[in-house]
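The values are calculated or read from the model by the stated rules, or taken from the named source; none is laboratory data. Keep in mind the model is a prediction, meaning the values are calculated, not measured. Cβ placement follows ideal geometry from the backbone for every residue including glycine, while neighbour counts extend to all protein chains displayed. The accessibility values were calculated without ligands, DNA or RNA, using every heavy atom of the protein model including side chains. Shrake-Rupley method; radii C 1.70, N 1.55, O 1.52, S 1.80 Å.
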Amino acid sequence: MRLLLVEDDLKIAQFVSQGLREAGFAVDHAPNGEDGLHMALTEPYDVAVMDIMLPRIDGLTLIEEIRKHNIHTPVLILSAKRTVDDRVKGLQTGGDDYLTKPFAFSELLARVQALIRRANGVVNPSKLQVGDLTLDLQTRRVERSGKKIEIQPLEFSLLEYLMRNASQVVSKTMIMEHVWDYNFNPQTNVVEARMCRLRDKVDRDFEPKLIHTIRGVGYVLKADE
């Protein structure tokens, strides 16, 4: 999942970015509202975390602008403003959730995951399943037919994206946009290489094969041919 973090406090930004990356997110950081608006309008994000008190463009104006452009990315407002009126204003402006500073990272992560589940219409709060393949979002455990599969963090993110889009063909570009961060070089063959490694772990010792290549189009994960 790809996340936009708009935060001018570099210590907070580094702390949050590191934690989110360790949790499997591709994180793009904007240090001000102007850069955040540009990134939100030009790149696809699964969720955004935005401060309110930002230089150049404040957070509420930023949210208003992206909503005017019909961008429905779920937004978690992160702010030192703690009054009820501040929270109400943030939500009425177009924010989806509001978390006050200081905060526990575990709560921020839980709220981000809840926003993604809500946006994707996921009923089970912690587990994705396609056929006999399961992915637990809380324990980060992957199993197939009850057998644990060891995968790397980036492979976990790739598999999560495929499973959230099960039976839908996703292109290489779509995968790059949602799994890799803003600085990713699209000219490399890293997607093909990672997909090959993931397929080797998920499909090599099991039947039926779940990950399929649609030549010239992309990839699809589905339980049946």
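Here are the numbers:
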item: Where Phe105, Phe156 fall by accessible area, highest first, once all protein chains stay in place (1.4 Å); result: Phe105, Phe156
item: Debye log10 I(q)/I(0) for region 61-104, one point scatterer per Cα, at q = 0.21 Å⁻¹; result: -0.65
item: Convex hull (Cα only) mean projected area of region 1-79, reported in nm² to one decimal; result: 4.4 nm²
item: Dipole in debye (nearest 20) - the chain, about Cα centre, beta carbon charges: Lys, Arg +1; Asp, Glu -1; result: 520 debye
item: Above-threshold pairs, the threshold being 22 Å between Cα atoms, out of Lys68/Lys172; Lys147/Lys209; Lys147/Lys222; Lys127/Lys148; Lys201/Lys222; result: Lys68/Lys172
item: Signed unit charges on C-beta, dipole axis of the chain, positive-most listed residue Leu137, Val75, Leu99; result: Leu137
item: Highest to lowest packing among 201-214, 50-63, scored as the average C-beta count within 10 Å; result: 50-63, 201-214
item: For region 152-159, Karplus couplings with θ = phi - 60° (6.51, -1.76, 1.60), whole Hz, Gly/Pro x; result: 6, x, 5, 5, 4, 4, 5, 5
item: Share antiparallel - DSSP beta bridges, the chain, percent rounded to 5; result: 45 percent
item: Tilt relative to the chain, helix 105-120 - C-alpha long axis, 0 to 90 degrees, to 10; result: 70 degrees
item: Contour excess over end-to-end distance, with Cα ends at Leu10 and Ala110 and 0.36 nm allotted per residue; result: 33.8 nm
item: Cα extents of region 47-189 along the three principal axes, largest first (Å); result: 51, 34, 23
item: DSSP-assigned coil residues among GluC sites (Glu not before Pro) in region 73-173, each with at most 12 further Cβ atoms within 10 Å; result: Glu150
item: Binned Cα-Cα distance frequencies in region 25-116 - 5 Å width, integer %; result: 3, 14, 27, 28, 20, 7, 1
item: Rg(Cα)/(2.2 N^0.38 Å) for region 97-164, N = residue count; result: 1.24
